[in-house]
Amino acid sequence: MSDRRGKKPEIRHYDSPAGGWGSMRGLKDIMLREKPPAVIARELLRQNKPEGFVCVSCAWAKPAHPHVPEFCENGAKATAWELTRYRTTPDFFNDHTLAELRGWRDHDLEQHGRLTHPLRYDPATDRYVAVAWEEAFAEIGKELKALDPKSVVLYSSGRASLETSFMYQLMARMYGNQNLPDSSNMCHESTSVGLKKAIGAGVGTVLLEDFERCDAIFFFGQNVGSNSPRMLHQLKQAVERGCRIVTFNPLKEPGLLKFTNPQNVPAMLTRSSVKISDQYHQVKAGGDMAAIAGLCKALIAWDDTSGGVLDHAFLEAHTHGFQAFAAAMRALDWEAIEHQSGLTRAAIESAAAVYADSTATIGVYGMGLTQHRFGVDNVRMIVNLLLLKGNIGRPGAGVCPVRGHSNVQGQRTVGITEKPELAPLDTFKARYGFEPPREKGLDTVEACAGVIDGSVRGFVQLGGNFLRAVPDTDRIEPAWSRMRLTVHIATKLNRSHLVPGEVCYLLPCLGRIERDVQASGPQVVTVEDSTGCIHASRGKVDPASEALLSEPAIVAAIAEATLAPNPQVDWQGWAADYGKVRDEIEACFPDKFHRFNERMFEPGGFYKGNKARERIWETPSGKAEFEVPPVLTATGFDDAPGRYRLMTLRSNDQFNTTIYGYSDRFRGIEGTRDVLFMSPEDIAADGLKAGQIVSLVGDSGDNVERRVDGLMIVPYSIPRGCLGGYYPECNPLIPLFHHARESHVPAGKSVPVRIVA
């Protein structure tokens, strides 16, 4: 078995900290491979700084007083990936058909370099060919006008700026639909739904300053070392002043074990590290709800016995439903909690003791909680835990969902949503003189179902790699080419671009790090981080091609080619001056964007506000809501002999569907992504062996064959009955219907599968 580069895969034991020399080597490797221009050092020093540019990968907060290098290994990889010297020109497609390119791996497609010219798919030759921008916009507009607007989906990844996102959602609604799925539908929609119901605000309540004041941090299902490494600076500082970190995660992840700051010369020279987690509990996949229930049960029992554990004044003044919740927790059986969580009562009570002793606790979580059948209920359980001691709306405390893409939260703030109640439709109507659609649009799962059944006829993709990111890939991909129109706005080639509709365009755009000069001069864009702070981002690097257009310019041109003229919407004026778009955002969302253009360069970003942080609960009861969990396991399926719970994972050499390389240093994997992480006990019990090649088959009971072949068994520290495999390679195993009940987030962290030797 070997990868495309011909190297035999290697499995190595990894016992080093996150950061340190490993991060330095990872940075060196991608610099040598991508050969970015000499300005890369200057650009890295501008990354996540006031007057600089915002990292194009994760959405972690940007401090007002940044480190000299305010970037992590993966952030530097994302910058080098975008500033690569390699180019994918129209000549490339003279040599390669799309059928041939579909045999390439994800990494190799994007590694080929930046797209340089607008392209149209030629079905006669199965190739992309160069096309003039004007011709592309004219035909896209013609096709969109010929389609029923309800049959068209306008998807956006989480990288598009606030300015582009506002224009995009307005174009969709003026066109006639709210089919605006985005990457939040695939990851944190469970947060948006769960937090909105619980505290009246669909986003977290924590700011960076709270990490300076907390005395406990509870982590659930979030791999900080790979997914948001800059956060390790806040965790390290918290630990060094005495804060205790308790982690619940199925896999032992080095980033939550120990960290060496690459910017600390003495630590690097002595190879010393800081221990991050005071306690580490390897909960079963989908077992967090039971674990949190155990924490709550212990706290309530201790308070019943001796008092002084719970914050009764807060509970009385600010919450609704506590008595019913407390009664349900008292009634739970410890044996059931232990069985469903995979943890002992003693382990759970030891974690509860840390929480009981804390005066200010932050609850951090990621997609390990949201991507389950009962993902919304997982989010509600974290809120339940925090409410017991008044840990929302208190300095140094709060709920902290860690988002993925750099502006995925911000897109929702400015109207990218399929839910009419989340957009200011009456304001749009009054300001722009049109009647917005009022019915709910399609989310990601519903859009995929529409592609399969043929009701979706057109798909516009603003960034991202939708076809690779979604579940049930082997069912959706064959149906994709039956659509009439597919349009992709992108910087690099990916799998989605290789399955064209009858009419297909690939439109290359400027990257965020590149200089964006429009009619009014150099432009600035803005994004929102995970904590709700808004940041300006200014690109300074020469564009990869003179033929590239900016995202706002492309959206404006498609809108003008598609929509009837509207004197109240100046598309070209907005594309010429993004400051005018920010004025429109402020006018439509005045409570969040007051004095937008004046404040966007504030160090650390300006805070858009969160009523729940002020203990103003915009819920039906006017208080924060407890919820009694309907189940103790979030998987949505029963365990059975031979059935495993599969977790889809990212390596530390990728960001979402972008694969930077074939190295997962933290898990000891080199040269391949075709692996299956499995406990040594399960390997032995099933009569398997390390290094054996096996297949996974779906076990969802719907009589649809789902299968991924060629996976190498890797013994790993993982709970029995659970497996780990890489995303998106394992996506074909996730049924489209296997999603969070209320949020429709694909349940990729607990997929029922069986092993075929």
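Any read-out appearing in this document is the output of simple, stated calculations on the displayed coordinates, not a laboratory observation. Note that the structure is a prediction, hence the values are computed from the model and not measured. With ideal geometry, Cβ positions are generated from the backbone for all residues, glycine too; neighbour counts draw on all protein chains shown.
Helix 133-146 and the longest principal axis of the Cα set of the chain meet at an angle near 70°. The order of Phe92, Phe589, going from fewest to most other C-beta atoms within 10 Å of their C-beta, is Phe92, Phe589.
Relative contact order for the stretch 189-404: what is it in percent, counting Cα pairs under 8 Å that are at least 6 residues apart? Kindly include the intermediate steps, with their values, before the conclusion.
Working: 376 pairs, mean separation 69.0, N = 216.
Computed value for the stretch 189-404: 32 percent relative contact order.
Give the lysines whose C-alpha is closer than 25 Å to that of Lys623, dropping any in the same chain fewer than 8 places away, or say none. Straight-line reach from Lys623, under 25 Å: Lys196, Lys197, Lys297, Lys389, Lys419, Lys592, Lys608, Lys611.
Setting aside same-chain residues fewer than 8 positions from Lys258, which lysines have a Cα under 21 Å from its Cα? Here the lysines satisfying the reach criterion relative to Lys258 are Lys236, Lys275. Is the stretch 23-177 rounded, prolate or oblate when judged by the Cα gyration tensor, a ≥ b ≥ c being the square roots of its eigenvalues, rounded requiring a/c under 1.5 and prolate requiring a/b larger than b/c? The shape class here is oblate.
For a quick check: sort Arg380, Arg431 by the number of other beta carbons within 10 angstrom, fewest at the front. Provide the component values of the computation, followed by the final result.
On the way: Arg380 25, Arg431 15.
Listed from fewest to most nearby Cβ atoms, that is Arg431, Arg380.
The GluC sites (Glu not before Pro) of the stretch 590-620 that meet both conditions, a loop assignment by DSSP and at most 11 other Cβ atoms within 10 Å of the site Cβ, are Glu618. The value given for the stretch 189-404 is a Kirkwood hydrodynamic radius of 17.4 Å, derived from the mean inverse Cα-Cα separation. For helix 375-388, report the angle its Cα long axis makes with the longest principal axis of the Cα atoms of the chain; keep it between 0 and 90° and round to the nearest 10°. In the chain, helix 375-388 runs at an angle near 50 degrees to the longest axis. Normalised radius of gyration (Cα atoms, divided by 2.2 N^0.38 Å) for the stretch 212-267: 1.11. The Cα center of the stretch 498-569 and the Cα center of the stretch 393-445 differ in position by 20 Å. At q = 0.26 Å⁻¹ the log10 of I(q)/I(0) for the stretch 18-82 amounts to -1.24, computed by Debye summation with a single uniform scatterer per C-alpha, solvent ignored. Decide, for the stretch 506-584, between rounded, prolate and oblate: order the square roots of the alpha carbon gyration tensor eigenvalues as a ≥ b ≥ c, take rounded if a/c falls under 1.5, and otherwise choose prolate if a/b is larger than b/c, else oblate. It is oblate, given that a/c is not under 1.5 and a/b is not larger than b/c. Backbone phi angles across the stretch 18-28, fed through the Karplus curve with coefficients 6.51, -1.76 and 1.60 (θ = phi - 60°), yield HN-Hα couplings of 5, x, x, 5, x, 5, 5, 5, x, 5, 4 Hz in residue order; Gly and Pro are listed as x.
To two decimal places, what compactness ratio does the stretch 380-474 give when its Cα radius of gyration is scaled by 2.2 N^0.38 Å? The partial results should precede the final answer.
On the way: Rg = 18.3 Å, N = 95, 2.2 N^0.38 = 12.4 Å.
For the stretch 380-474, the normalised Cα radius of gyration is 1.47.
Enumerate by residue number the trypsin sites (Lys or Arg not before Pro) in the stretch 73-112 meeting two conditions: DSSP loop (anything except H, G, I, E, B), and at most 13 other Cβ atoms within 10 Å of the site's Cβ.
Details: sites: Lys77, Arg85, Arg87, Arg102, Arg105; in loops: Arg85, Arg102, Arg105.
Of the trypsin sites (Lys or Arg not before Pro), the ones in loops of the stretch 73-112 whose Cβ has at most 13 other Cβ atoms within 10 Å are Arg85, Arg102.
Cβ crowding within 10 Å, taken as a proxy for footprinting-reagent exposure, orders Ile734, Ile11, Ile140 from fewest neighbours to most as Ile11, Ile140, Ile734.
Lysine pairs in the stretch 18-82 whose alpha-carbon atoms fall under 19 angstrom of each other, counting only those eight or more residues apart or on distinct chains, come to 5. From its DSSP helices (H runs of at least four residues, each -39,500 (n - 2.57)), the chain gives a residue-normalised ellipticity at 222 nm of -9500 deg cm²/dmol. Remark: spin-label model distance Ala99-Glu212 equals 6.2 nm, labels positioned 7 Å along the Cα→Cβ axis.
Over the residues of the chain, compute the C-alpha Rg and express it relative to 2.2 N^0.38 Å. Don't jump to the answer; show the numbers that get you there.
Numbers: Rg = 24.8 Å, N = 757, 2.2 N^0.38 = 27.3 Å.
That works out to 0.91 for the chain.
Computed on the stretch 18-82, with alpha-carbon pairs under 8 angstrom and 6+ residues apart, the relative contact order is 42 percent.
Gain on full extension, evaluated as 0.36 nm per residue between Val697 and Leu332 minus their Cα-Cα distance, stands at 127.9 nm.
So what is the relative contact order of the chain, in percent, for Cα pairs below 8 Å that sit 6 or more residues apart?
Working: 1717 pairs, mean separation 166.7, N = 757.
Here the relative contact order equals 22 percent.
Counting only residues at least eight positions apart within a chain, or on another chain, the lysines with an alpha carbon under 16 Å from that of Lys749 are Lys252, Lys284.
Is the stretch 644-756 rounded, prolate or oblate when judged by the Cα gyration tensor, a ≥ b ≥ c being the square roots of its eigenvalues, rounded requiring a/c under 1.5 and prolate requiring a/b larger than b/c? Verdict is oblate for the stretch 644-756.
Rounded to the nearest whole Hz, the Karplus-based 3J(HN,Hα) values (6.51 cos²θ - 1.76 cosθ + 1.60, θ = phi - 60°) of the stretch 172-183 follow the sequence 4, 6, 5, 5, x, 8, 10, 7, 10, x, 9, 5, with x at glycine and proline. Would you kindly derive the ³J(HN,Hα) couplings of the stretch 161-167 from the backbone phi angles with the Karplus curve 6.51 cos²θ - 1.76 cosθ + 1.60 (θ = phi - 60°), listing them in order in whole Hz, with x for Gly and Pro? My calculation for the stretch 161-167 gives 5, 4, 5, 4, 4, 4, 5 Hz in order.
Shown here for the stretch 352-453: GluC sites (Glu not before Pro) in loop regions (DSSP other than H, G, I, E, B) with at most 10 other Cβ atoms within 10 Å, namely Glu439.
Rounded to the nearest 10 degrees, the inclination of helix 73-82 to the longest alpha-carbon principal axis of the chain is 10 degrees.
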